[in-house]
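A short worksheet on the structure shown next.
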Amino acid sequence: MKNSRFRYLTRRTVLGGLAILPVAASRSLAGSISQAFVREAPPITAADQVLNVMEFEALARDALPPAHFGYIATGADDDRTVVRNHDAFSHYEIRARRFVDVSHVDAARTVFGASWASPIYLSAVSGQRAFHPDAELGTARAARTRSMQMMLSGVGSTAVEPVSEARGAPVWQQLYPTDDWAVTQGLVRRAEHAGCPAIVLTVDTKAGLNYARNNETLTRAMRVDSRTCTDCHVNNSHDPVHKAPMFAGLDVSRVTSLAPPDITPAYLDRLRKLVSGKLLVKGVVTAEDAELAVAHGVDGVIVSNHGGRNEDTLRATLDCLPEIAAAVGKRVPVLLDGGVRRGTDVFKALALGATAVGIGRPQAWGLAAFGQPGVERVIDLLNRELLQIMRQAGTPTLSSITPGHVIASTWR
Ligand SMILES: Cc1cc2nc3c(=O)[nH]c(=O)nc-3n(C[C@H](O)[C@H](O)[C@H](O)COP(=O)(O)O)c2cc1C
């Protein structure tokens with residue numbers, strides 16, 4: 001795939017017919033103004049020419065075969081949760097305060113005792129070899145140069161040890177525990193042995209071995225992709241449990257599902273006893289579940305709907321955030337992902353109670369377009385935009401961003 005950039009340009013019109021561009025579809029008027037000179041502009045050939053995160057989506061579409069781009073883009077059913085996640089940010093507007101000294105603006109944050117340069121982190125994205133030959137190592141190197149926390153997918157195409165080495169520090173390990181407790185134990189022990197300070201249990205995926213969820217956009221993209229996949233995916237396979245490096249050496253013969261069907265409070269108690277470091281749950285969308293998870297010992301709650309990939313017509317994560325932040329209070333950090341594409345989006349999530357904000361698709365787009373420099377550019381753009389809006393809004397530190405800095409929009 002190394003020299004494949006723009007190889008799939010001709011397929012773009014085919015994919016253009018698919019409903020896979022929710023990002024471009026929103027922000028309509030502002031988008032049409034900012035797109036005014038796009039056709040006349042020379043083509044983008046390097047990461048540092050990219051103006052914003054959304055531009056990376058088109059570059060990734062040009063660089064990737066249809067099925068691989070479709071895998072990144074897809075939601076479930078009609079992709080409405082994907083659209084809502086992103087659109088929700090435009091339902092809030094920023095209340096900028098003018099009489100504040102912003103001669104020094106700092107986006108640093110401490111999470112679980114670790115100093116982060118910014119409140120943004122790279123959320124779990126599986127099978128990154130389908131996007132670039134450097135795969136998770138390219139992403140990890142970008143995270144290293146930008147001092148960014150990375151969460152490694154449990155079904156990544158690279159194992160935790162080399163990824164942590166490339167990151168220069170242990171990553172967080174996302175966990176698909178399977179329905180076999182012996183395998184769960186093996187996965188957790190391996191991640192903790194590699195030094196991972198946090199295990200992130202994804203609770204929003206009730207799928208079977210091969211993600212039996214209704215990803216229609218992906219299915220359509222696969223139909224227009226006639227290639228035989230032999231040099232990509234997780235070890236050339238669509239069957240991550242039997243092929244993903246994190247499962248190597250484990251007896252997976254009894255596994256029938258990536259996630260146990262009984263993630264109940266009792267399951268959380270059991271996992272809590274197994275995990276010696278921090279335990280987070282990813283995929284919480286209600287105050288009740290957040291409350292319950294904290295009561296059963298989790299150290300952090302991630303408001304997420306898997307980027308809209310698992311269920312359709314859920315609320316946007318930003319719309320779920322206020323009730324969850326209120327329920328959890330300051331007891332544990334509340335993180336959020338879903339639809340974050342601008343520094344102003346990060347700002348709004350922080351104002352509504354998030355401790356930190358994760359990105360999924362943007363890192364995959366950056367990696368697909370330019371490898372490590374692409375991911376670095378995605379991070380730089382978001383960080384720069386965040387600092388800009390902090391300065392403009394009169395919030396020189398993250399802790400000075402309050403609910404009073406945003407207001408629900410009455411403008412539709
Ligand atoms: C291609 C792709 C693969 C993903 N793989 C995983 C995964 O293995 N585990 C997981 O918990 N979430 C996974 N996610 C979800 C992300 O961690 C994150 O919740 C979501 O992408 C955030 O929304 P955004 O893409 O709009 O930023 C994946 C998302 C994408 C786009």
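The values are calculated or read from the model by the stated rules, or taken from the named source; none is laboratory data. Treat the numbers as computed from the prediction; the structure is a model and nothing was measured. All Cβ positions, glycine included, derive from the backbone under ideal geometry; neighbour counts span all protein chains shown. For accessibility, only protein heavy atoms count, side chains too; no ligands or nucleic acids. Shrake-Rupley method; radii C 1.70, N 1.55, O 1.52, S 1.80 Å.
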Query raised in the report: Can you tell which of Ile44, Ile263, Ile359 shows the greatest fluctuation in a Gaussian network model of the chain with Cα springs below 10 Å?
Result: Ile44
Report task. Only Lys, Arg, Asp and Glu count, each charged at its Cβ (+1, +1, -1, -1), so figure out the dipole size of the chain about its Cα centre, rounded to 20 debye. Result -> 640
Requested in this report: Go ahead and set up a Gaussian network model of the chain, Cα springs under 10 Å, then flag whichever of Gly249, Gly307, Gly195 fluctuates most.
Outcome: Gly249
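Let me make sure I get this right: for region 223-343, a, b and c are the square roots of the gyration tensor eigenvalues over alpha carbons, sorted descending. Under 1.5 in a/c it's rounded, otherwise prolate if a/b > b/c, else oblate. Which is it? Intermediate values should be presented prior to the final figure.
Values: a/c = 2.45, a/b = 1.39, b/c = 1.77.
Since a/c reaches 1.5 but b/c is at least a/b, the shape of region 223-343 is classed as oblate.
If the limit is 26 Å between Cα atoms, which of Lys243/Lys282; Lys206/Lys348; Lys206/Lys330; Lys206/Lys243 go over it?
Numbers: Lys243/Lys282 24 Å; Lys206/Lys348 30 Å; Lys206/Lys330 29 Å; Lys206/Lys243 20 Å.
Result: Lys206/Lys348; Lys206/Lys330 exceed 26 Å.
Take the Cα radius of gyration of region 83-126 and divide it by 2.2 N^0.38 Å, with N its residue count; two decimals is plenty. Write out the running numbers ahead of the final one.
Details: Rg = 15.4 Å, N = 44, 2.2 N^0.38 = 9.3 Å.
Normalised Cα radius of gyration, region 83-126: 1.66.
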Requested in this report: On a C-alpha basis, how far is the centre of region 353-412 from the centre of region 144-187 in Å? Whole number, if you could?
Outcome: 24
Query - Alpha carbon Rg of region 35-162, scaled by the compact-globule rule 2.2 N^0.38 Å - result: 1.30
Query - Residues whose placed amide H lies under 5 Å from that of Tyr121, excluding near-sequence neighbours - result: Val357, Gly358, Ile359
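Can you give the charge dipole size of region 360-412 about its Cα centre, rounded to the nearest 20 debye, using +1 on the beta carbon of Lys and Arg and -1 on the beta carbon of Asp and Glu? Walk me through the numbers on the way to the answer.
Working: 5 positive and 3 negative charges, 32 e Å.
About 160 debye.
Considering Cα pairs under 8 angstrom that are at least six residues apart, work out the relative contact order of region 251-360 and quote it in whole percent.
Values: 162 pairs, mean separation 24.3, N = 110.
The value is 22 percent.
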Query raised in the report: What's the carbon and sulfur percent of the chain's accessible surface, probe 1.4 angstrom, rounded to a whole number?
Result: 53
**Report entry** Quotient of C-alpha Rg and 2.2 N^0.38 Å, computed over region 276-412
**Finding:** 1.09
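Quickly rank 253-259, 360-366, 123-129 as a protection proxy: mean count of other C-beta atoms within 10 Å, highest first. Intermediate results must be reported in sequence, preceding the final value.
On the way: 253-259: 16.0, 360-366: 28.7, 123-129: 25.0.
Order by mean packing, descending: 360-366, 123-129, 253-259.
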Requested in this report: Could you let me know the centre-to-centre spacing of region 254-320 and region 54-70, using Cα atoms, in angstrom?
Outcome: 30
**Report entry** Neighbourhood charge, 12 Å Cβ-Cβ cut-off, centred on Val155 and excluding it, Lys, Arg +1 and Asp, Glu -1
**Finding:** 0
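What helices in the chain pass both tests, a Cα length along the helix axis of 24 Å or more and a mean Kyte hydropathy of 0.5 or higher, using whole DSSP H runs? Intermediate results must be reported in sequence, preceding the final value.
Numbers: long enough: 372-393 (32 Å, -0.17).
Passing helices, by number: none.
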Query - Whole-percent pair-distance distribution, where bins are 10 Å wide, for the alpha carbons of region 108-215 - result: 15, 45, 32, 8
Query raised in the report: Given 10 Å bins starting at zero, what is the percent of C-alpha pairs of the chain in each, up to the one with the largest pair distance?
Result: 5, 23, 35, 26, 9, 1, 0
Report task. Looking at the chain, send over the antiparallel percent of its DSSP beta bridges, to the nearest 5. Result -> 20
**Report entry** Residue order for Trp172, Trp181 - accessible surface, 1.4 angstrom probe, largest first
**Finding:** Trp181, Trp172
Query - Furthest towards positive pole of dipole, Ile263, Ser126, Gly186, structure part the chain, Cβ charges - result: Ser126
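Can you tell me the dipole magnitude for region 267-412 around its Cα centre, using point charges on the Cβ only (Lys, Arg +1; Asp, Glu -1), in Debye to the nearest 20? Each step should come with its number before you reach the end.
On the way: 17 positive and 14 negative charges, 59 e Å.
So the dipole magnitude of region 267-412 works out to roughly 280 debye.
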Report summary line: With only helices counted (DSSP H, runs n ≥ 4, each -39500 (n - 2.57)), the per-residue ellipticity at 222 nm for the chain, to the nearest 500, works out to -11000 deg cm²/dmol
